[in-house]
Amino acid sequence: MNLLVPNLGSTSLKYQILEMPSERVLARGRFERVRDYGQAIAQIGGGGVPVDAVAFKAVHAGPQYCGTFAIDDAVLFALEEFLPAAPAHNAIYLEAIRAFRESLPGIPLVAAFETEFHTTVPACAHLYGVPAEWRAEGVRKYGFHGASHQYVAERSAALLGRQTRLVSCHLGGSSSMCAIDRGRSIDTTMGFSPQSGLENATRHGDLDAFAVLFMMEHHGWTCGQVREQLATGGGLAGLSGIEGGDVRDLEQAAAAGHADAATAIRVFVYQVKKTIGAYAAAMGGLDAVAFTGGIGENSAALRAACCQGLGFLGIALDPELNGHGNGDRVVSNGPVAVIALSTNEELIVARRAFRLLTGACGTLAS
């Protein structure tokens, strides 16, 4: 079975076509500044590789859809219902799913939700202290980046030769962390929406809800105005004043003496360090920390900063290993392994979709 897995951004479309169950990559590509998903899909289809199904790394459709599902009208309705909780993500996937439906009629479409990996998080870690009526409508911690955290857990176990108590740090334009106890997610930083947790490039992290209410009442802002400000002008961009909030730009500016950029980096590093300590406590110990994502995989300086002062947990980076080399590797010489690796969300999505479509028996389900 050939599975097309698109990974969608606001103006980009990356994709892989994987032959399953061999997991051989038959094609991959990337389109930038996408204005019409239909045109991009036509170019993929013209590449000569037949496609049997399309599997999306979908984000948020509430409590009924924390798993992998064939896309029907009910799934689309749930994506629309939770659009206000994940506006930057759900809008893109809704547009793309409809474009694929039109361009590839009759081809099965699958949604592998990012929330699936976090269904093992216990109630003590996913419940909010809100009125019962709110919880009945789906207000709880869901967690996201599930495909990445699952891949990190599996890849780390393969590198180390065993399951571990692992903190997975997916650090990039969108960042989250996950406590993974021997393969099972038991806590994660993102909550009801991908907005919460660590500071992201342009999206705020944890924030007192009453601060939002205060500013809305003080200025007469609408929900839409506040959502736009916090989604596009918050996070590292809001802290630094540097448009886009890209850590590479912040590091360069900080080196040139930009005080607010340096402060934004310190805030981010503090959040990561604090969370590593908290998750070590939640798991009753720590065996490994893995860094992935554009920042986590590629910034040796940020990995070093995040691990500095954590010697009491057994974390000690090897400066030479941390600063040189590429590919998946262990960069520590202490009792707690520190790993830098490249994530592969598309592979996890393809595996989930293949299991759904074949009923785990290796043949396409009717």
(message) For the chain, what is the number of Lys pairs with C-alpha distance below 28 angstrom, counting only pairs 8 or more positions apart or on separate chains?
(response) 4
(request) Determine the equivalent ellipsoid of the stretch 291-336 by diagonalising the alpha-carbon gyration tensor, then write out the semi-axes as square roots of 5 times the eigenvalues, largest first, rounded to whole Å. (result) 17, 12, 9
(request) Determine, for 120, 188, the number of other Cβ atoms within 10 Å of each Cβ, and report the residues in order from fewest to most. (result) 120, 188
(message) Charges at C-beta only: +1 for Lys and Arg, -1 for Asp and Glu. How large is the resulting dipole of the stretch 2-113 about its Cα centre, in Debye rounded to 20?
(response) 420 debye
(message) Can you give the FRET efficiency to the nearest 0.05 for residue 127 and residue 102, using r as the Cβ-Cβ distance and R₀ = 56 Å?
(response) 0.85
(request) Kindly identify the stretch 83-201 as rounded, prolate or oblate by the Cα gyration tensor criterion: order the square roots of the eigenvalues as a ≥ b ≥ c, call it rounded if a/c is under 1.5, otherwise compare a/b with b/c, prolate if a/b is larger, else oblate. (result) oblate
(request) Kindly state, to the nearest 0.05, the FRET efficiency for residue 2 paired with residue 358, given R0 = 22 Å and r defined as their beta-carbon distance. (result) 0.95
(message) Using the alpha carbons of the stretch 260-302, what is the convex hull volume per residue in cubic angstrom, as a whole number?
(response) 72 Å³
(message) To check you understand DSSP bridge types, tell me what percent of the beta bridges within the chain (both residues inside) are antiparallel, rounded to 5.
(response) 70 percent
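Using only the alpha carbons of the stretch 1-145, what is the convex hull's orientation-averaged projected area in square nanometres?
Value for the stretch 1-145: 9.3 nm².
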(request) In Å³ and rounded to a whole number, note down the convex hull volume per residue for the Cα atoms of the stretch 161-340. (result) 123 Å³
(message) With a 10 Å cut-off between alpha carbons and a GNM built on the chain, which of 105, 50, 319 moves the most?
(response) 105
(message) Taking a cut-off of 36 Å, what percent of all Cα-Cα pairs in the chain are separated by more than that?
(response) 22 percent
(message) Give me 144, 31, 354 sorted ascending by neighbouring Cβ count inside 10 Å, so fewest comes first.
(response) 31, 354, 144
(message) Out of all DSSP beta bridges in the stretch 2-113, what portion is antiparallel? Express it as a percent rounded to 5.
(response) 75 percent
(request) With runs of 4+ DSSP H residues as the only contributors, calculate the mean residue ellipticity of the chain at 222 nm using -39,500 (n - 2.57) per run, divided by the residue total and rounded to the nearest 500. (result) -12500 deg cm²/dmol
(request) Set the Förster radius R0 to 35 Å, insert the Cβ-Cβ distance between residue 301 and residue 160 as r into 1/(1 + (r/R0)^6), and round the FRET efficiency to 0.05. (result) 0.90
(message) Using the basic label-point model (7 angstrom from Cα toward the beta carbon), what is the residue 223 to residue 206 distance in nanometres?
(response) 2.6 nm
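How long are the semi-axes of the equivalent ellipsoid of the stretch 233-366, defined as square roots of 5 times the Cα gyration tensor eigenvalues? Whole Å, largest first. Let's see the in-between values first.
Values: eigenvalues 208, 95, 45 Å².
After diagonalising the Cα gyration tensor, the semi-axes are 32, 22, 15 Å.
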(request) Taking the Cβ of residue 1 as the centre, find all other residues whose Cβ is under 9 Å away and add up their charges (Lys, Arg: +1; Asp, Glu: -1). (result) -2
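Bear in mind that the values in this text are calculations on the coordinates, not laboratory data. Fair warning: this is a prediction, and the values are worked out from it, not measured in the lab. Because the Cβ atoms are built from the backbone with ideal geometry, glycine has one as well, and the counts that use them run over all protein chains shown.
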